[in-house]
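Only the coordinates and a few stated rules stand behind these numbers; no lab work does. Being a predicted model, the structure only gives us computed values, none of them experimental. When we count neighbours, we look across all protein chains shown, and the Cβ atoms used for this are built from the backbone with ideal geometry, even at glycine.
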Amino acid sequence: MEKILIANRGEIAIRIIRACQELKMKTVAIFAKEDEFSVHRFKADEAYQVGTGKKPIEAYLDMDDIIRIAKETGADAIHPGYGFLAENEIFAQKCFDAGINFIGPTVKQLEIFGDKVKAKLAAKKAGLHIIPGSNGPVQSLEEVKAFASKHGYPIMVKAALGGGGRGMRIIENESEIEESYNRARSEAKQSFGDDELYVEKYLKEPKHIEVQILADKHNNIVHLFERDCSVQRRHQKVIEVAPSISLDTARRHEICEAAVRLMKSVSYQNAGTVEFLVTDDDFYFIEVNPRVQVEHTISEMITDVDIVQSQILIAAGKDLFKDLKLPHQADLKHHGVAIQCRVTTEDPENNFMPDTGKIETYRSPGGFGVRLDGGNAYAGAVITPYFDSLLVKACVQARSFINAVLKMDRVLDEFRIRGVKTNISFMRNVINHPVFLAGKASTTFIDNTPELFN
Ligand code: ADP
């Protein structure tokens, strides 16, 4: 593998380019017209406009044009990043048919994990606990009602193909069923092109814990421990911590083992994440993300394993132990605590509406134990409304959780961003809140804590 096309934009495109450069591989960037001044295109060795004439997001989803560019530039592999085509089995198949290495799992694995109903079945087969639910798609409102009368409220309806916290609704009592069901269906159809829904019990104040997996093509698999992604706003992650400070050693071991068991059972290849909701008594599988995740950074910081480089080398057929020189699981250690805050151009005072415009001033923090993954944040940069609002990922690592929090507070304070609104002050409220400091933040912490918004 010598040349990699990066089928993405923004911070993750730059993250992948950096990994390629360290591996001495050439890079090809693609960009939508609206991204013609975006930094990722200038960081790559070559860059080409993709999906000419299409809308901004659709340009990055133009599979045939991406494959055309890969072929014309002689790229032997495509890294899809996250979002866009990262979990699209049709794209993975097209890459395969064109003789291009898709840096990710197999088409079959994408098919299983792209559909949450199929994923739950696979998890159940591997002996993982799943949240009591409909065991398959529901066909009618009556089925949802029947589920609720058998299992009680609250329940949740979810889009089978859902992602990014969309296409799911909590139903607290019977009076809400009909409207929530219909809304979830139309939202699913609109966002994911398929209105298949399933239903499950809604867990009260769980923690979201996920396990980072790396697996090669030679049946070797390791986990890189867990991340606590409980700090969410409307089911979307805002702040992540690795490792979780709320798990004891025995529980951590059980969860990581369960994740490995599931991924082994499907002979998983490449990087992936197994997500769980954890209550006081048990832990339940929710989904697998068969790709690199936004928050992979903090697992890298506590294990010293470069996950993106690993993805590339795994796709090239390398062996986790012989070639990547990873320690075997028993010797794989983590150290310290890492935290990531997702700095977005959203206005906390205006219901987190994305803000756009020119960044007038930009000074970024630095210092010992700080990592910033961004790219398009600099004085003079123009934030457009076309893509997601992630500006820069601020990560810190320190010896203990409290030291990491103190460092993060200093890091957030050190940012000087003028010209666009950001969520920085909001995140400082979160990390300084006693519930967060006690390691007790659950997935409903932000939504149920109005003083964070002051
Ligand atoms: P997505 O694919 O959209 O990210 P997930 O299935 O990963 O959706 O769930 C995202 C978040 O939604 C979880 O981290 C959790 O906060 C919440 N959630 C999902 N299912 C449940 C449930 N059954 N009970 C309580 N919260 C849930």
Response to the item:
When E200, E72 are arranged by how many other beta-carbons sit within 10 Å of their Cβ, fewest first, they go E72, E200
Practice prompt. Per DSSP H run of at least 4 residues, take -39500 (n - 2.57); add these up for the chain, divide by its residues and hand me the 222 nm value, nearest 500 deg cm²/dmol.
Written response: -10000 deg cm²/dmol
Response to the item:
Cα-based Rg then Dmax for the chain, in Å, read 21.3, 60
Worksheet, complete the sentence: The Cα extents of region 58-187 along the principal axes, largest first and rounded to whole Å, are 58, 34, 20
Worksheet entry | Estimated vicinal HN-Hα couplings, Hz - region 79-94 in sequence order (Karplus 6.51, -1.76, 1.60; Gly, Pro = x) | 9, x, x, 10, x, 5, 9, 4, 10, 8, 5, 5, 5, 4, 5, 4
Practice prompt. Show the residues, 5+ positions off or on another chain, whose built amide H is closer than 5 Å to the amide H of K26.
Written response: K3, I4
Discussion item. In whole Hz and in residue order, list the ³J(HN,Hα) couplings for region 241-257 that follow from phi through the Karplus curve 6.51 cos²θ - 1.76 cosθ + 1.60, θ = phi - 60°; x for Gly and Pro.
Written reply: 10, 9, x, 6, 8, 9, 9, 7, 4, 5, 5, 4, 4, 4, 5, 5, 5
Fill in: For region 275-281, 3J(HN,Hα) per residue [Karplus equation, 6.51 cos²θ - 1.76 cosθ + 1.60, θ = phi - 60°, Hz, x = Gly/Pro]
9, 10, 9, 10, 10, 4, 9
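Are any of the pairs K43/K322; K108/K237; K158/K318 more than 29 Å apart by Cα-Cα distance, and if so, which? Show your work: numbers first, answer last.
On the way: K43/K322 31 Å; K108/K237 27 Å; K158/K318 38 Å.
Check vs 29 Å cut-off fails for K43/K322; K158/K318.
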Worksheet item: In region 355-404, what trypsin sites (Lys or Arg not before Pro) fall in a loop by DSSP, with at most 13 other Cβ atoms inside 10 Å?
Response: R399
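Measure up K393/K421; K204/K421; K116/K201; K33/K71; K264/K333 against 25 Å on the Cα-Cα distance and list the ones that go over. Please list the in-between numbers first.
Working: K393/K421 16 Å; K204/K421 33 Å; K116/K201 15 Å; K33/K71 21 Å; K264/K333 21 Å.
Over 25 Å apart, Cα to Cα: K204/K421.
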Fill in: Long-range amide H partners of Y48 with built H, under 5 Å
A29, I30, F31
